[in-house]
Structures are given as structure tokens and as C-alpha cells.
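Participant: First the structure, then my questions, so here it is.
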Amino acid sequence: MSDIVVAPFSNSDMRDWPVAHYGECVRLLLARWPSGGTIHVVGTANQKLAACGVVRQAPTARVVNQCGRWSWDRVLGEIERAACVIVNNSGIAHIAAGLGAPTVCVFGGAHDRSEWRPLGPNVIVVTRAIGCSPCQLDHGQSSWYGKACLRQIEPVTVVEAALAAMARDRREAA
């Protein structure tokens, strides 16, 4: 049984889906993936505290905050073996796509999706286009609409995309 890797942080808060949305996504995944493995939340040591907002209400036996605990090689290995990688528009999204992992990329309006989305046969991009995108802003506090392009992406939509990506990957492996 493979695990799910969740990478909730990028190098710009303008591209980060709200931590509370990730927390709800994890909670819903646990309910809809009852026989599944572990959900590993990855990031740097500096992101460990913020990641607590993702794992706080989840059972520790199934959801683990790995921020700052794993080496880069371990992160790459876990991504390559993952049942699914759930991630923002970030370098990790492109790495997961390149490794062929089932990848769900939550993509906001800061960048042009047609130019910057991760590419790969197992990638699903979940996005919400609004009138001000792409805004080309670097920081969320600069957003005129409070990052509505990300806030309006519902956790259940990301969960459904993850379950579809995992099901598609199982069919292709058979």
C-alpha cells in the first residue's frame, strides 16, 4: 500500500492553498480512503509549525508531519512511490509530475496555468479562474481579493481529484 504525500507550501504564499483547506482535505481523505496508508506532510524545518495546521485534527497513526525530518533524497523517494502527491504550484509539483507520480496540483491565479502547470500523464490541475488572474503577484497580502482564486477551491474537489488520480493509476498499472 502506498502513502499520500502532501506538500502544502511553495516559495510564495501567493501560490499556497490555505492551510485550513489542506487540513480539511486530509480529514476528508481519511474518511474516503479508509483502507489507505499514511498521509505524510512534507516541507522544510521552517514550515513544521505551519504544517501543524494541516495535521492537528488528524489521527497521528495515519497523518504525520514530516517537515524538516526527512532528507531531500527521502522526500524524492516517497514522492516517486506515492499513491498520490497533493501540492501547490511549486517545484515539488513539477518533480512529482516528472517522476510519474499521480499528482494533484492546486493552482491559483498568480501564474498563467497554460505556461506554468506541471506536465505529466498522471497530473490533475485543480484551479479556479477569476477575472484578475493571472495577477503575477508574489505575496498573498498583495492580493486585492484575498487569494479568492485559491480560497474558492473546495477541499472536496481536491479529494475527488486525488481519488480519481489514484484510481486511474491503479487501472494503468493493471
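Each value in this text was obtained by applying a stated rule to the coordinates, not by laboratory testing. Note that the coordinates shown come from a computational prediction; the quantities given were computed from them, not determined experimentally. Glycine gets a Cβ as well: all are built from the backbone with ideal geometry, and neighbour counts include every protein chain shown.
Participant: Residue separation times 0.36 nm, minus the C-alpha to C-alpha distance between Ala129 and Asp73: what's the value?
Facilitator: Values: separation 56, 0.36 × 56 = 20.16 nm, distance 3.47 nm.
Here the answer is 16.7 nm.
Participant: With a Förster radius of 22 Å, plug the Cβ-Cβ distance of Lys48 and Arg81 into 1/(1 + (r/R0)^6) and report the FRET value to the nearest 0.05.
Facilitator: Between Lys48 and Arg81 the formula returns 0.45.
Participant: Please sort 90-102, 39-51 by packing, taking for each peptide the average over its residues of neighbouring beta carbons within 10 angstrom, highest first. List each step's numbers first, then the result.
Facilitator: Values: 90-102: 21.0, 39-51: 18.3.
Highest-to-lowest ranking by the protection proxy: 90-102, 39-51.
Participant: Please list, ordered by chain and number, the residues whose modelled amide H lies under 5 Å from the amide H of Ile124; skip anything fewer than 5 residues away on the same chain.
Facilitator: Amide H neighbours of Ile124: Thr103, Val104, Cys105.
Participant: Then there's this: Short version: ³J(HN,Hα) in whole Hz for each residue of the stretch 90-99, in order, from phi by Karplus 6.51 cos²θ - 1.76 cosθ + 1.60 (θ = phi - 60°), x for Gly and Pro, what are they?
Facilitator: Those phi angles translate into 7, x, 4, 4, 5, 5, 4, 4, x, 7 Hz.
Participant: While we're looking at this one, here's another question. Tally Lys/Arg at +1 and Asp/Glu at -1 over every other residue whose Cβ is under 13 Å from the Cβ of Asn65; what's the total? Mind dumping the intermediate values first?
Facilitator: Working: positive: Lys48, Arg56, Arg62, Arg69; negative: none.
Neighbourhood net charge equals +4.
Participant: If you average the C-alpha positions of the stretch 75-93 and of the stretch 1-64 separately, how far apart do those two centres end up, in angstrom?
Facilitator: 12 Å
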